[in-house]
Structures are given as structure tokens and as C-alpha cells.
Amino acid sequence: MNIATHPFDALMDITARPPTVFVRGEGSFLWDDSGKRYLDFMQGWAVNCLGHSPPVVVDALAAQARLLLTPSPAFYNAPSLKLAKALVDQSCFDQVFFTNSGAEANEGAIKLARRYGALHRDGAYEIITFEGGFHGRTLATMSASGKKAFEPLFEPKVSGFPKARLNDLESVKRLISDKTVGVMLEPIQGEAGVWPATDQFLRELRTLTREHGLLLIVDEIQTGMGRTGKLFHYEHAEIKPDIMTLGKGIGGGVPLAALLATEQASCFEHGDQGGTFNGNPLMCAAGLAVLQQVSAPDFLRSVVDTGLYLESELQRMSARHGLGEVRGKGLLLALDLKHPIAARVVAQAFDDGVLLNAPRPDALRFMPALNVTKAEITAMIDCLDAILTRMGAARRVA
């Protein structure tokens, strides 16, 4: 690597990165500047739902770029109106506010809930969230998250986020007070290691929040846009939340996210919320192209089919190597390694040309493109199987 060509030190050092520069992507594959090809089962942490540089997104961006980039959020633009209408038509929500990132969408959800509490619940502001949850990296969303690594950072935190335990309704009940305005959760806790909320828990939580007049907020930044086999994960539990956030996959690779709410929960007044680039036509054109493809019934059925194939292949491999459970749904899955070897597995897979993710020391997370093929899944499984075989042999020798 020529450091003069790629001066890595010009970027802030905020995470460990291999000294590799990616220059091209297509579908499930990336190429670096040496020409090496990688099979990508991370896809930008579930961002590239149609794979790298999908033609429908490329074409939508090119066409819109020739027309209008952004007129300012002080004015309407056609792509944002079309995308908002399409999201409303295919969900249980009535209104949409577009943002540039999932964290910004969750920040907006928190603000909307607190506005609702000020208007309708005598100033209630607390939002019950969950241990292990992850909602973003702004100060408020870090405070809402239940990630242990965040606890000592950037004190003082934003107050008002008591933590319950996932799938434990009694732990939620104990936290409800006259200060409570809502409950916020990921249907599947992705960063924690892919831990799903059960459909029964989601239904019981919806009943509980309705009984107490509380808002139910679902963070579908990782689970939304077809990732779990339905367009939105809440559909699996057959519930209707009050607020939902989307991100990652909604843009298919470009910075786009959304805050959706029912008419009752939509209580922002003029000046309460905004953003310079929010709802710009360039990103919304990409989002509309993604939604049109992902929401097609045949596409969602294929996600279910390939998700079941990936799950069964991971289960068979786990049985061969004496590993743990396979968690998740659709094409958001995790493999319990039962040993703190995930970082070593990821590093070896990278050397072998496969991109994997380790959300925990003992787990791997799989977030391929939603149009990943069974042949690509088989190639990843073969690579991972060989790595685990070598590591098992090394442990037996040791």
C-alpha cells in the first residue's frame, strides 16, 4: 500500500480498519485497489439491501441529479412527496419526516415523544428502553441505548431512559410512572448480537402501552425494509405501533432515514423539527427506487426463502463444530460461537476474501444483500466452515 496515494492519517482514527481501500462494488462483491475480490455478508451493516451499486439506485440518482439536487426543506419536492406517500400506503402510519441517518431519525422520535408528553401527558418525558438496545450515537440516542460500552462516555448523559429487559413484560411494568410517555425498542437487537423480541412480547407490549396511554416506538433501522421477510418487522407480530424509525436499507446505500408516526402521535409544531438536507430529492429518489423493488411480494418471498436457507446452513455448520444457536429472522441472523473467537474468525475470513461481522466476542452477524443468491451463501458457508475446521484443529493440537 502506497501511503502517499492513501494517506490514512488524514482521517480521524475512530475505529480499527484494515489497510485496504475498496474501489468498486457490484451486488454481493467488493473489490479493493489491488484487484482482490471480497464476498460481502456485512453490506455496510445491512445498508446495501440490494447489494453494491444496484442499477435501480444508480439510475434513480443519475436521473434525479440532472433535475434537482435540493431546493431547501423550506419547499416541497416531488421525490419526497412520492416516497412519503408510498411509505404511508404500505404501513400503519400517517406521516413521514425524512432524515439523513438512523440516529437522527431516532433523535426525532425521542423529540416527538417528549413533545407528545408535553401536550398530552402533563409533561411526561421518560421513554422506557431496553438493556442491550442500540439507537445511535447522538447524545440522546446513546443515552437511550442499553450498550454497556456507552455508559462511561460523554457524561453527563441525557436523562429519562430507564432500562427494562427484553422479553420481560414485568420489568417494563415496574418502570412505568407518571413521568413515562413511551416505550422504545428494536424488534431485534442487532448490535447486541441479534436478540429478537418475541412476537408475543411485542403484542403484550402493545397492549400494555395502550392500557397506560403510552406511545410504542419501534426502531426498525436494521429490521425494516424487508430485512426479516416482511416490509416492516412489526407486521410479524400483527401490531400497530405509534412511531417507527427506518434507516440503513431504505436508501440502498445512500444516506437516508425516516421517522414515521400515526396522525395522533404527529404533534410537532412549526420550528420543532428540521434539517438542511432532510427530504432532499436526490436521496428520496433513491429511496423510492429501493422501496418499489423491496416491497414487491415476490421479492419478500425470496428474502424468506434465502433467509431459511442461510439459517439451515448455519445450523448444520454449528452442529458439525459443536457451536451454539442461530438467532434472528430472515436475512438478519447471528451464530453463537460459544467461544470468544469471533474477531479471529472475522480477520481470517477477510484474508480469505469474505466480509463478516462480530457484534460480540462470541458471535457472528450475517447481513447480506436481500437479493443474495444461494450460491453466494454456499460460498460464504464453505469459507467459514474451513476457518472453523482449522481453528478446531489448532485447539485440539494445543
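What are the residues in region 214-240 that are within 19 Å of ALA296 (Cβ to Cβ) and among the polar types (S, T, N, Q), if any?
THR223, THR228
Taking helices (runs of 4 or more DSSP H) that do not extend beyond region 1-92, which have at least 1 residues that are assigned by TED's automatic domain parsing to the domain that holds ASN278? Before the answer, list the steps.
Working: elements: 43-46, 55-65, 78-89.
Result: 55-65, 78-89.
Please tell me if VAL218 is closer than 27 Å to PHE366 by Cβ and in a strand (DSSP E or B). Spell out the reasoning first.
Numbers: closer than 27 Å to PHE366 by Cβ: yes; in a strand (DSSP E or B): yes.
Here the answer is yes, as VAL218 does meet what is asked.
Within region 256-272, is even one residue part of a strand (DSSP E or B) and over 21 Å from PHE134 (Cβ atoms)?
Yes, the conditions are met somewhere in region 256-272.
If you check every pair at least six apart or on different chains, which have Cβ atoms under 8 Å apart with a residue in region 270-281 that is touching a residue at least 24 places away in the same chain (Cβ under 8 Å) and assigned by TED's automatic domain parsing to the domain that holds ASN100 first and a residue that is hydrophobic (A, V, I, L, M, F, W, C) and in a loop (DSSP other than H, G, I, E, B) second?
Sorted first by the residue in region 270-281, then by its partner, the pairs are ASN280/LEU69; PRO281/LEU67; PRO281/LEU68; PRO281/LEU69.
Just to check your reading of the model, which residue among ALA86, ALA60 is under 15 Å from LEU246 (Cα atoms) and not acidic (Asp, Glu)?
On inspection, the qualifying residue turns out to be ALA86.
What is the one condition in (1) on the phi > 0 side of the Ramachandran plot; (2) under 22 Å from the mean Cα position of the chain (by Cα) that VAL57 does not satisfy?
Result: VAL57 passes all but (1).
Is it true that ALA379 is of a type in the set (Gly, Ala, Ser), more than 14 Å from SER28 (Cα to Cα) and out of contact with any helix residue (DSSP H, G or I) (no Cβ under 9 Å at 6 or more places or on another chain)?
When the stated conditions are applied, ALA379 does not pass them.
Please find, among ALA84, ALA105, ALA46, ALA65, the residue that is small (Gly, Ala, Ser), closer than 30 Å to ASP178 by Cα and either at pLDDT 95 or above or surrounded by 24 or more Cβ atoms within 10 Å (Cβ to Cβ) (or both).
ALA105
Check THR180, THR223, THR207 and return the single one that is farther than 23 Å from GLY108 by Cα, in the same structural domain as LEU256 (by TED's automatic domain parsing) and polar (S, T, N, Q).
On the way: THR180 fails: farther than 23 Å from GLY108 by Cα; THR223 fails: farther than 23 Å from GLY108 by Cα.
None of the other options fit; the residue is THR207.
Taking PHE154 and the conditions (1) in contact with a Leu (Cβ under 7 Å, 6 or more places away or on another chain); (2) modelled with pLDDT of 95 or more, which numbered condition does it fall short on, given that it satisfies the others?
Result: PHE154 fails condition (2) only.
The values are calculated or read from the model by the stated rules, or taken from the named source; none is laboratory data. What you see is a predicted model, and the numbers here were worked out from it, not measured in a lab. Glycine also receives a Cβ, built like all others from the backbone with ideal geometry; neighbour counts cover every protein chain displayed.
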